[in-house]
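Each remark here refers to the structure printed beneath this line.
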Amino acid sequence: MRFCVLGSGSKGNATYVESGETSILIDAGMSGIELQKRLATIGVELSAIDAILVTHEHNDHVQGVGILSRRAKIPVYANPATFSAASKTVNKLFSYNEFETGTPFHCQDLEVHPFSVSHDTQDPVGFRISDGNVSLGYCTDTGKVSRLMLHRLASCQALILESNHDIEMLQNGTYPPYLKQRIRSGQGHLDNIEAATFLQGLAHEKLQHVVLAHLSEENNHPEIALHAAVKALHGNSHCQEAPIRISVASQAYVGELISLSGR
Ligand SMILES: [Zn+2]
Ligand SMILES: [Zn+2]
């Protein structure tokens, strides 16, 4: 399995995942042109995409879903509540494929397990994506961490986890009080310390790579998020023999194309 965060943050999110004959996008929250351009930087053509999975209806996750689906005849997968809430933004789709939150489904070679997260949308989800050999966990846009989330993301070889803001930067920043409150709420976004604690609970000896994602450009710095994650893993016995690589996804740049091995 290989994956690449094409961009992440409040201005747009999309992640590319491929295994065997199957290539998918998790969210498509940028313009169609921008996503096509970003895919091209890793040598992927839009026509190679077999499906778009949607986590929730916020614009930074669905902005390009409709245009890509229509332009390249790509089926879109989401739960009914998300389809309904996103319908105005995404407009007509090449094809709708409804999944039920909590029930695994197949997308060609990939098994996808959608699970509930805590966010201010109709039925927001994270995904565990497996190819029978390795698994990737995707979890952003959640205000808190549940036991279910820990359970679903356990034993993945790679994780894409939200590390949205630094609490002090948010508190002392320029956002209006209602927005600060929304971000900090249980249906908002995880701060760096919450994300690091989440990661600490998920670390295991087969975890190869962690990407910290959905960083706030206004209320976070990549170094602060990275430091919190590294500190949380420091001294973790699982990380001694085969170190876990941690990287930070950017809003502006396409991330590294990461290969996972089923060691
Ligand atoms: Zn978002
Ligand atoms: Zn959101």
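The values are calculated or read from the model by the stated rules, or taken from the named source; none is laboratory data. Here the structure is a predicted model, which means the values were calculated and not measured. FYI the Cβ positions are ideal-geometry reconstructions off the backbone, even for glycines, and counts take in every protein chain you see. The accessibility values were calculated without ligands, DNA or RNA, using every heavy atom of the protein model including side chains. Shrake-Rupley method; radii C 1.70, N 1.55, O 1.52, S 1.80 Å.
Once you keep just the Cα pairs under 8 angstrom separated by 6 or more residues, what percentage relative contact order results for the chain?
Here the relative contact order equals 19 percent.
For n ≥ 4 DSSP H runs only, could you compute -39500 (n - 2.57) per run for the chain, divide by its residues and tell me the 222 nm figure to the nearest 500?
Only helices count here, giving -8000 deg cm²/dmol.
Write down the percent of antiparallel bridges among all DSSP beta bridges whose residues are both part of segment 1-106, to the nearest 5.
Taking every DSSP beta bridge with both residues in segment 1-106, the antiparallel ones total about 55 percent.
Please tell me which of these pairs span more than 31 angstrom C-alpha to C-alpha: K73/K144; K88/K144; K144/K206; K144/K231; K11/K144?
K73/K144
Defining a contact as two alpha carbons under 8 Å apart and six or more residues distant in sequence, what relative contact order in percent does segment 46-158 show?
Over segment 46-158, the number comes to 20 percent.
DSSP beta bridges in segment 55-173, what fraction antiparallel, as a percent rounded to 5?
60 percent
Using Cα pairs under 8 angstrom and six or more residues apart, how large is the relative contact order of segment 169-239, in percent?
So the answer I get is 41 percent.
Of all the accessible heavy-atom surface of the chain, with the other protein chains kept in place and a 1.4 Å probe, what percent is carbon and sulfur?
Using a 1.4 Å probe with all protein chains present, the chain comes out at 49 percent carbon and sulfur.
How many percent of DSSP beta bridges within the chain run antiparallel, rounded to 5?
Bridges in the chain are about 50 percent antiparallel.
I need the calculated FRET efficiency for the pair E100 and S31, taking r as the beta carbon distance and R₀ as 41 Å, to the nearest 0.05.
0.85
Is the shape of segment 77-194 best called rounded, prolate or oblate, per the rule: a/c under 1.5 gives rounded, else a/b larger than b/c gives prolate, else oblate, with a ≥ b ≥ c the square roots of the Cα gyration tensor eigenvalues?
oblate
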